[in-house]
Amino acid sequence: MSAENVVTRVLDHRRRDPTLLLQILREIQEELDWISPDTAHAVAAGLSIPTTQVDSVVQFYAFLYDQPRGRYRILFSDNITDRMLGSLTLFEHVLKRLKLQRGEVSTDSAVSVDLTSCTGMCDQGPALLVNNRPVTRVTARRVDEICDLVRSDVPLAEWPADFFRVEDNIRRADALLGSRHEPGSGLRAAIALGRQGMLDEMKRSNLRGRGGAGFATAVKWESCRNAPGAERYIVCNADEGEPGTFKDRVLLTSFAERVFEGMAIAGLAVGAAHGLLYMRGEYRYLLEPLKAKLEFMRRDRRLGASICGAQGFDFDIEIHLGAGAYICGEESALIESLEGKPGKPRIRPPFPVTVGYLGKPTVVNNVETLVEATEIALHGGRVFAGQGTRRSAGTKILSVSGDCARPGLYEYSFGVRVEQVLKDCGATDVAAVQISGPSGVCLTPDEFRRHIAFEDVPTAGAFMIFGKERDLFEVARNFAHFFAHESCGFCTPCRVGTTLMRDALDKIADGRGSRYEINELMRLAELLRRTSHCGLGQMAGNPVRDTWLKFRPAYERRLIRGDFDPAVDLDAALTRSREITGRDDAAAHVGAES
Ligand code: SF4
C-alpha cells in the first residue's frame, strides 16, 4: 500500500482527531517504518494542524523517527541491571557482526542497532527490542541467531516464538497477587455498595497511590467526583518507565481483567464513563492481547452500557500507547501525551482532578492502585486497612532485580524490612539496594533494617540490588545518562543541569576529574532539587549525592588530579584564530606568560 493510502486509512480510522496525533503517528510508522517530511505534511493537512505541530511530536518521542531506520530495529535495553548481565558486550558484538556503528542504518536499509532506556525486563535481562518485540535473556548465541535472521531477511513473524517469551516471575504472592476470584465479582460488589458506598470503603481502606507519591486514592476520587462538569475520565497510568520497575508488565499480562475492572469501579465511584489506559511503548507487544481482553469483557457485559446489568453504569476503555518518553509517567505529562502532544509536565494547579484530560476532571491512578480497588470492593476497606502499617495500608509489589538468585515480583505487607526481601530473593554480599529506581534512594547495609513504607522508605516498586563487586560510581553514571536523556527540556535547570552532571561524571570516569567536578556535582544536585519544575529534575541529583556520600572511594580513586582541569581545551579552541591572525607567539596561547 502506498504511503499516501496508509496515511489516509489511519487518519480515517482515527476520525481525523488531532488529539490522537501520537497514536496516528505511531500507527503510520508501524507500516512505513519512519515519519518522512512528506508523511508529516500529509498528516498535518489531514488533521488541519500546522506541520510544525506534527514535527514537535515526532521529535519529542524516542520511538518516533524522522529519519529512516532499518526494517529491523534492534534496541538494547541500557538499564544498569542489563549492563551488569553483559548487555554492552552483546551490543558491541552485534554492531561488529552487522558491520554497523551505533544508530547507523545498514546500506541495504535492512537493520539499525541502538541503545534505549530500561525496557522493563530487568528480571530476565539482558533484554532487547526488535521492532518493539522484547527478546529476553539474551546470550551471545542468541544475538548471533538474530544477526543470521536479519541478514537472511526472515520476517519477524517467522522467528522462533521462544525468542519472545516473557515470564511473569512471581516469586512471592500476598493479598493481591495471591487472590483468585471470579471475574466480575469485584464489579458486582462495587455495584452493590453504590457510588457513595464504594467511596466510603475507599476512605476506610486508607489506600495510597502505588506510583510512588502515595497520595490518598479516596481523596483523589472524591475531588474528581465533586469537580464541576458533566464528563469525567479515569486514566490508568501504565507508563512504568522507572528503571528497575516491571510490576505493571505482569499485572497487565496476567491480571488485566482486574486492572480493567478496577478502572470501571473508579468510574462508578467518580461518575466517569470513559477510561484510558496509557501504556508505555516498550509494552507494545501487550496491545493485541489487551484489546482482546477488552472485547471479551464487553461481550461479558463487564464493560460498555449497563455493566453487569446495572442501569446507568456505563463505562468503556481505550488503550493509548506511549512512544519512549519516561517523563510521560508524570501524570500531567501523561495527560498531555494522551492529548497527542509532547509529554511535558503542566504547571499545577489546576490539578488533573479538576482540569485533566481534554480539560475535564480526571483521575490518574497507577495500575496496582486500580487492582487494589477491586480487592477493596470485594473485602471492604477495613480488611484492607488491617494489613500493612498504620500509615501504609495493604501490600506492595516489589520488582526485584540485580545481584540475587531469584529476581522477579515479591509482594509483601507494607512495613517489611529491606533485609527480609534480600533474604527471600537470595541476595548475599550486598553493597547497596537502590529503591524506587534512579530517582529513589540508595541504601547501604547499615540501613537494611529499614522498612518499605511511605513513612520510612517509600517506593513505586523498583528494588535493584548491587553486590560488593559492583562499582557504585558506574551505577550513578548510568543513572545520570538516563536523566540527561529523559529530561523533557521544558525547564532550564533540568535541561542543562542533567547534561552538566552527565558530562562531569564522564570526565571523572575518563580520569580527568578533580575536586572541582565533585563540588560542581553537589552544587548542581542542589540546584536541580530546588529549581526544577517536576520530580524528574528534582530527583536527578539523588544518585550522585547518595553514592558520593556512601561510596566515596569509588569516586576518589578516579580523581587523579587535585587541581582544576577544564572540560574544554581553550588553547586548542583558539588554533583557528591564531591561523587567521597569523600569530603563534607565546602570548597567543592560553596559559602563556605575557
Ligand atoms: Fe522537563 Fe526536567 Fe523540567 Fe521536569 S524538571 S519539566 S523533566 S525539564
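The values are calculated or read from the model by the stated rules, or taken from the named source; none is laboratory data. On a predicted model such as this, the values are computed, not experimentally measured, just so you know. A quick note on method: Cβ atoms are made from the backbone with ideal geometry, for glycine too, and the neighbour counts reach across all protein chains shown. The protein model used for the area step is the full one, side chains on, heavy atoms only, and it has no ligands, DNA or RNA in it. Shrake-Rupley method; radii C 1.70, N 1.55, O 1.52, S 1.80 Å.
Taking square-rooted eigenvalues a ≥ b ≥ c of the alpha carbon gyration tensor, is the range 482-582 rounded, prolate or oblate, where a/c under 1.5 means rounded and, failing that, a/b exceeding b/c means prolate?
Oblate shape, in that a/c is at least 1.5 and b/c is the bigger or equal ratio.
In the neighborhood of residue 128, defined by Cβ-to-Cβ distances under 12 Å, what is the net charge if each Lys or Arg adds +1 and each Asp or Glu adds -1?
0
Can you figure out the FRET efficiency of residue 419 with residue 213, using R₀ = 30 Å and their beta-carbon distance, to the nearest 0.05?
With a Förster radius of 30 Å, E is 0.70.
State, to one decimal in nm, how far the label point of residue 288 lies from the label point of residue 468, with both points 7 Å from Cα in the Cβ direction.
With each label point 7 Å from Cα toward Cβ, the separation is 4.9 nm.
About the Cα centre, and with charges only on the beta carbon of Lys, Arg (+1) and Asp, Glu (-1), how big is the dipole of the chain? Nearest 20 debye, please.
For the chain, the charge dipole is close to 1520 debye.
Rounded to two decimals, what is the ratio between the C-alpha radius of gyration of the chain and 2.2 N^0.38 Å?
The chain yields a ratio of 1.01.
Keeping all protein chains in place, calculate the accessible area per residue for the range 172-385 (probe 1.4 angstrom), answer in Å².
Counting only protein heavy atoms, the per-residue value for the range 172-385 is 33 Å².
Please work out the ratio of the alpha-carbon Rg of the range 1-78 to 2.2 N^0.38 Å and round it to two decimals.
Normalised by 2.2 N^0.38 Å, the Cα Rg of the range 1-78 equals 1.05.
Given the peptides 256-265, 373-382, 194-203, arrange them by the average over their residues of other C-beta atoms within 10 Å, most packed first.
For the peptides 256-265, 373-382, 194-203, the packing ranking is 256-265, 373-382, 194-203.
Tally up the carbon and sulfur contribution to the accessible surface of the chain as a whole percent, 1.4 Å probe, everything protein left in place.
C and S fraction of accessible area: 51 percent.
For the range 473-556, build the charge dipole from Cβ charges (+1 Lys, Arg; -1 Asp, Glu) around the Cα centre, then report which of 484, 500, 534 sits farthest towards its positive end.
Highest projection toward the positive end goes to 534.
Apply the a/c threshold of 1.5 to the C-alpha gyration tensor of the range 395-469 and tell me whether it is rounded, prolate or oblate.
Cα axes put the range 395-469 in the rounded bin.
Using label points projected 7 Å from each Cα along Cα→Cβ, tell me how many nm separate residue 573 and residue 192, to one decimal.
7.3
If you scale each eigenvalue of the Cα gyration tensor by 5 and take the root, what three semi-axes come out for the range 278-324, rounded to whole angstrom and sorted largest first?
26, 11, 5
In debye, nearest 20: dipole of the range 395-469 around its Cα centre with unit charges on the Cβ of K, R (+) and D, E (-)?
With Lys and Arg at +1 and Asp and Glu at -1, about 120 debye.
Going by a ≥ b ≥ c, the root eigenvalues of the Cα gyration tensor, does the range 224-368 fall in the rounded group (a/c under 1.5), the prolate group (a/b larger than b/c) or the oblate group?
oblate
Starting from the amide H of residue 356, placed 1.01 Å from N in the peptide plane, find each other amide H under 5 Å away whose residue is 5 or more places distant or on another chain.
The answer is 362.
Each residue of the range 278-286 in order: what ³J(HN,Hα) in whole Hz does its phi give by Karplus 6.51 cos²θ - 1.76 cosθ + 1.60, θ = phi - 60°, with x for Gly and Pro?
9, 10, 4, x, 5, 9, 3, 5, 8
Run the dipole for the range 515-562 about the Cα centre, Lys and Arg Cβ at +1, Asp and Glu Cβ at -1, nothing else charged, and hand back the magnitude in debye, nearest 20.
140
Stokes-Einstein D for the range 72-167 at 4 °C, 1.567 mPa s, Kirkwood Rh over Cα pairs, in µm²/s?
Approximately 99 µm²/s, per Stokes-Einstein.
Quick test of your reading: applying the under-4.7 Å Cβ rule, which cysteines of the chain are isolated?
Singleton cysteines: 118, 122, 147, 224, 236, 308, 328, 442, 488, 491, 494, 534.
So what's the gap between the Cα centers of the range 243-296 and the range 362-392, to the nearest angstrom?
One Cα centre to the other: 17 Å.
Let me know the Rg and Dmax you get for the range 230-307 when you use only its Cα atoms, in Å.
Taking only Cα atoms of the range 230-307, I get Rg and Dmax of 12.9, 40 Å.
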